[in-house]
Amino acid sequence: MKQLSRLMTTMLPVLACLALMAGTTEGLAQEAGAPAASAPVAVTSEAPAAAAAVPAPPKIDSGDTTWVLVSTALVLAMTAPGLALFYGGMVRSKNALGTIMQSFIILCLISIQWVLWGYSLAFGPDKGHVIGGLEWLGLNGVGLEPNADYAATIPHQAFMIFQMMFAVITPALITGAFAERMKFGSFLVFTLLWSTLIYDPLAHWVWAVGGWVRNMGALDFAGGTVVHISSGASALACAIVLRKRLGYGKEHMMPHNLPMTVLGASLLWFGWFGFNAGSAVASGALATSAFVATNTATAAAALAWMAVEWMYRGKPTVLGAASGAVAGLVAITPASGFVGPMSSILIGLGAGIFCYLAVLWKAKCGYDDALDVVGIHGVGGIWGALATGLFASKAINAAGADGLFYGNPAQFGIQAVTVLVSVGFAFVGTLVILKLIGTMMPLCVKEEEERMGLDLSQHDERAYS
Amino acid sequence: MTMATVILGALAFGTGSVVMAQDASAIAGGAAPVLKIDTGDTAWVLMSSALVLAMTMPGLALFYGGLVRSKNILGTIMHSLIILCLVSLIWIFFGYSLAFGPDKGGVIGGLDWIGLSGVGSDPHPVYGPTIPHQVFMLFQLMFAAITPALITGAFAERMRFSALLLFAALWSVVIYTPVAHWIWGGGWLGKMGALDFAGGAVVHISSGVSALVCAIVLGKRKGYGTDYMAPHNLPFTLLGTGLLWFGWFGFNAGSALGANGVAGSAFLATHAAGATGALVWMCTEWMHRGKPTVLGVASGAVAGLATVTPGAGYVGPMSAIAIGAFAGVLCYFAVVWKGRMGYDDSLDVVGIHGVGGVFGILATGLFASKAVNAAGADGLFYGNAAQFGIQAVMVVAVAAFSVVGTWLILKVVDASVGLRISPEDESTGLDLSQHDERAYS
């Protein structure tokens, strides 16, 4: 009975919420969305009002569509298996499955959330510059015709699913902050609320047509603010609100399988090409430039982290090189489509050095950000957003803007405002969500469950036998 | 520590010195481009670049990492990881210019493209007329990164980390860039008509032959031949093999530089040779040793993939199967014979990449057919005996250059930082002695 009631208090609200949304939107979506898919010509006059704004009917380009579809698959590979193994290798062996499960189930949960209401809230028709309308609930009206506002040469659904993978990985990044101690049910509720209340509005502000941060002229090519600052700032809130792990600071908590972590980091690097170069939402010169910037910044950041650690600690570690690579990837994300290869080396160097120092200082601050989400995604994201305001150049991307070093100090100011807004919103919003959940159910597992490990206590299975 | 200072200094200096030149050059060209970018071709080569990255990290890193003892896995993975980072930057600063820049006397590229100056989004008429020039540069960067990483298998479990960094940087500049220029960058072998579709000579012969020199110069591992040195995690090695196979589609089919018929044909030839190599190695080992091993199947697949690399875009599927079959047998016996030769090529780079690369280049001179790729040439079996001769010249030239160059580089590295870790550190393992961390806790 106790099991059942616990199940009901945790899983049922989540499922009920999903089911309710599915029920109410299914009919509409099925009728309007699906026929638009199978016979686009027949319904062009009524369904995609947004696409009809362009005089000539937008034409789907097979090369662009191929690149965005492949990029979508690449970004999926970042969450599972990439991030799942990156985090999974860093925890103790008794928590490996629980950690992997968090990324895996977020992939499932947010995929459904995004289809039902997330995409509409984030990218739907603008309401007062702060949120998308409910017109696209259940992908109603999001068909195979291109939407020229977002990507004129690929089906609207390709853009939607590419964005879905971003919505998925962002809450998964946060899980590193509360690793080894969060209760699975509370984690599910947190994820659903966080996605809906933090991610969707923030994505709207920064990327959607009409969003106020976008209107201000902020540059975020592939998600430095929306993905990395938001997850990093929220991770800090999580690490502060949730208690520290038992024995934190006293016991050894060495990563149980570093090769697994490096495997995850490599898959993140691989998938990040889709994340950044795919954000051109077309194949061609801009995707290429973003791809080159991504690889270059990553290499520079890994080398910089390694060199700083070598000087500071006396040995270059493999975990350091892998963390440096991820820090470089994070930092170049907002800038990737606006900067050239030499600027990306400098952004990578900064990322390696700043994030290394941030991770080092964590110990002095006293919060238990178990897998360094704040130090890497928070600090790397902030550096990247500001660096975009320094290094961006219209010579690289005419649709962007010049940064401070190219004679436009105002851009740096805009980037700084964006950083403050996203840090503030994500941090405060996450605190409120956690306090709210805390009044209904415990956030952390019981102490004996934590000692047993998440694998056995939350999932009743073992990683290794 | 000194090494770390050198790295940071070099990065800052290199960036500073070219930062101005570069950012102006990435401008989408002022004059109207004559060549038009094709989105499908660009998508395919971008994807292929990502696939080749996955061959180095995590593919090769896990392939090698699983083969060493558990005390050395992180050190082994680190070799691939840091070579990827190091060569990425070298390539952008000046490696690409040396390899593919405007030809100087058939032996090396000029410095005109230093810091990617002039390498922008306009297609280059030779290096992919339908893709941005930077895509070609990027795709080639991934090749430049994996080649020195392949060599690391020869000196696994015993090289000093700072020596590895210095060796990889020097080898990449002194050996890789000229060889790439000779064959692909408009150099003398290319002008002679040498066929190397995706790097049989540039990647596999150069790394395989250099691996032999490394194994001889560094000497055997402590306890080689007496201690038990079995692979510590074969599932890792198999995962690495799977990722190499996956990534090799980008390596070979991506070398068509477009999503076209040659890419399709190269993709098929790659897959057919990989599968045949695995099966034939398995059968040979089964007959010769009595049991088919999983490591054998993995090695056979890699041997087949390495061997078909130079011919992938020039041969049909039946020829690819024949090439894969020979690869399985020849590389198997090369690995078996290593035991008698006495050098400690720890992870069989010579037997697989060296022997596979040499045979692959020669086989291209036998099986190449203009019916498959009109831009190629006919081989001996299609009535053009001269092609086989040209291929043989390429083998000799690349092998000889790699032997001499690698030997010299190793001597320089040994004199400056010392090649090998101390015997005590070797007993402790690379992970703790070089990186102060453990793989498993």
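For the range A:85-105: of the residues being within 14 Å of chain B (Cβ to nearest Cβ) and crowded, with 24+ Cβ neighbours inside 10 Å, which is nearest to A:Gln458 (Cα to Cα)? Only one residue fits best here, namely A:Asn95.
Hey, any hits in the range A:359-372 for a residue that's under 19 Å from A:Ala293 (Cβ atoms) and either buried (at least 17 other Cβ atoms within 10 Å of the Cβ) or under 18 Å from the mean Cα position of the chain (by Cα) (or both)? It would help to see each step written out before you state the result.
We begin by selecting, within the range A:359-372, every residue under 19 Å from A:Ala293 (Cβ atoms); these are none.
Among the residues of the range A:359-372, not one is under 19 Å from A:Ala293 (Cβ atoms) and either buried (at least 17 other Cβ atoms within 10 Å of the Cβ) or under 18 Å from the mean Cα position of the chain (by Cα) (or both), which makes the answer no.
Among the conditions (1) surrounded by fewer than 19 Cβ atoms within 10 Å (Cβ to Cβ); (2) closer than 21 Å to B:Lys222 by Cβ; (3) more than 12 Å from chain A (Cβ to nearest Cβ), the only one that B:Leu419 does not satisfy is (1).
A:Ile433 meets each of the listed conditions (1) surrounded by 19 or more Cβ atoms within 10 Å (Cβ to Cβ); (2) under 30 Å from A:Ala282 (Cα atoms); (3) touching a Leu at 6+ places or on another chain (Cβ under 6 Å) apart from (2).
Identify, please: which residue in the range B:279-316 is hydrophobic (A, V, I, L, M, F, W, C) and under 17 Å from the mean Cα position of the chain (by Cα) and is, among those, farthest from B:Leu244 (Cα to Cα)? Break it down stepwise before answering.
First, pick out the residues of the range B:279-316 that are hydrophobic (A, V, I, L, M, F, W, C): B:279-283, B:286-287, B:294-295, B:297-298, B:301-303, B:305-306, B:308, B:312, B:315.
Filter again for under 17 Å from the mean Cα position of the chain (by Cα), leaving B:301-303, B:305-306, B:308, B:312.
Numbers: B:Ala301: 9, B:Val302: 8, B:Ala303: 11, B:Leu305: 9, B:Ala306: 10, B:Val308: 14, B:Ala312: 16 Å.
Of everything passing the filter in the range B:279-316, B:Ala312 is farthest from B:Leu244 (Cα to Cα).
The residues of the range B:393-407 that are touching a residue at least 24 places away in the same chain (Cβ under 8 Å), under 29 Å from B:Phe155 (Cβ atoms) and not aromatic (Phe, Trp, Tyr), listed by number, are B:Met394, B:Val395, B:Ala397, B:Val398, B:Ala399, B:Ser402, B:Val403, B:Gly405, B:Thr406. Pairs are defined by a Cβ separation below 6 Å, a sequence spacing of at least 6 or placement on different chains, a first member in the range B:377-389 that is free of Cβ contacts under 8 Å to residues at least 40 places away in the same chain, and a second member that is surrounded by 13 or more Cβ atoms within 10 Å (Cβ to Cβ) and charged (D, E, K, R); the pairs so defined are B:Asp378/B:Lys370; B:Asn384/B:Asp378.
On the stretch given as the range A:307-331, residues that are closer than 8 Å to A:Gly352 by Cα and facing chain B (nearest Cβ under 7 Å) total 0.
In the range B:284-319, what residues are in contact with a Pro (Cβ under 8 Å, 6 or more places away or on another chain) and in contact (Cβ under 8 Å) with a residue 24 or more places away in the chain? Within the range B:284-319, B:Glu285, B:Leu295 meet the criteria. Against the numbered list (1) over 26 Å from B:Val119 (Cβ atoms); (2) outside any loop (DSSP other than H, G, I, E, B); (3) within 8 Å of chain B (Cβ to nearest Cβ); (4) not basic (Lys, Arg), A:Ala235 comes up short only at (3). Looking across the range A:332-349, the residues that are facing another protein chain (nearest Cβ under 7 Å) and in contact (Cβ under 8 Å) with a residue 24 or more places away in the chain come down to A:Gly340, A:Pro341, A:Ser343, A:Ile345, A:Leu346, A:Leu349.
Considering only residues that are in a helix (DSSP H, G or I) and either touching a Gly at 6+ places or on another chain (Cβ under 9 Å) or surrounded by fewer than 24 Cβ atoms within 10 Å (Cβ to Cβ) (or both), which ones fall in the range B:91-129?
Step one: filter the range B:91-129 for residues in a helix (DSSP H, G or I), giving B:91-100, B:114-116.
Answer for the range B:91-129, where residues must be in a helix (DSSP H, G or I) and either touching a Gly at 6+ places or on another chain (Cβ under 9 Å) or surrounded by fewer than 24 Cβ atoms within 10 Å (Cβ to Cβ) (or both): B:Ile92, B:Phe93, B:Phe94, B:Tyr96, B:Ser97, B:Leu98, B:Ala99, B:Phe100, B:Ile114, B:Gly115, B:Leu116.
Every residue, every condition in (1) in contact with a Pro (Cβ under 9 Å, 6 or more places away or on another chain); (2) more than 14 Å from chain A (Cβ to nearest Cβ); (3) hydroxyl-bearing (Ser, Thr, Tyr), yes or no:
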| site | (1), (2), (3) |
| --- | --- |
| B:Leu116 | yes, no, no |
| B:Met142 | no, no, no |
| B:Phe155 | no, yes, no |
| B:Leu164 | no, no, no |
| B:Ile175 | yes, yes, no |
| B:Trp184 | no, yes, no |
| B:Trp188 | no, yes, no |
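Taking A:Val262 as the residue in question, decide whether it is touching a helix residue (DSSP H, G or I) at 6+ places or on another chain (Cβ under 7 Å), facing chain B (nearest Cβ under 7 Å) and more than 23 Å from A:Gly340 (Cβ to Cβ). It is true that A:Val262 is touching a helix residue (DSSP H, G or I) at 6+ places or on another chain (Cβ under 7 Å), facing chain B (nearest Cβ under 7 Å) and more than 23 Å from A:Gly340 (Cβ to Cβ). Against the list (1) within 14 Å of another protein chain (Cβ to nearest Cβ); (2) in contact (Cβ under 8 Å) with a residue 24 or more places away in the chain, the condition A:Ser62 fails is (2).
Tell me whether the range A:238-246 contains one or more residues that are crowded, with 24+ Cβ neighbours inside 10 Å and of a type in the set (D, E, K, R). Within the range A:238-246, not a single residue is crowded, with 24+ Cβ neighbours inside 10 Å and of a type in the set (D, E, K, R). Residue check: B:Ala26 meets all listed conditions (1) modelled with pLDDT of 95 or more; (2) surrounded by 24 or more Cβ atoms within 10 Å (Cβ to Cβ); (3) at the interface with chain A (Cβ under 8 Å from one of its Cβ atoms) but one, namely (1).
Return the residues of the range B:57-81 that are within 22 Å of A:Thr298 (Cβ to Cβ), out of contact with any Phe, Trp or Tyr (no Cβ under 8 Å at 6 or more places or on another chain) and either surrounded by fewer than 24 Cβ atoms within 10 Å (Cβ to Cβ) or without any contact (Cβ under 8 Å) to a residue 60 or more places away in the chain (or both); say none if nothing qualifies. Selection gives B:Leu81 alone.
The values are calculated or read from the model by the stated rules, or taken from the named source; none is laboratory data. This structure is a prediction, so every number in the text was calculated from the model and none was measured. Cβ atoms come from the backbone with ideal geometry, glycine included; neighbour counts cover every protein chain shown.
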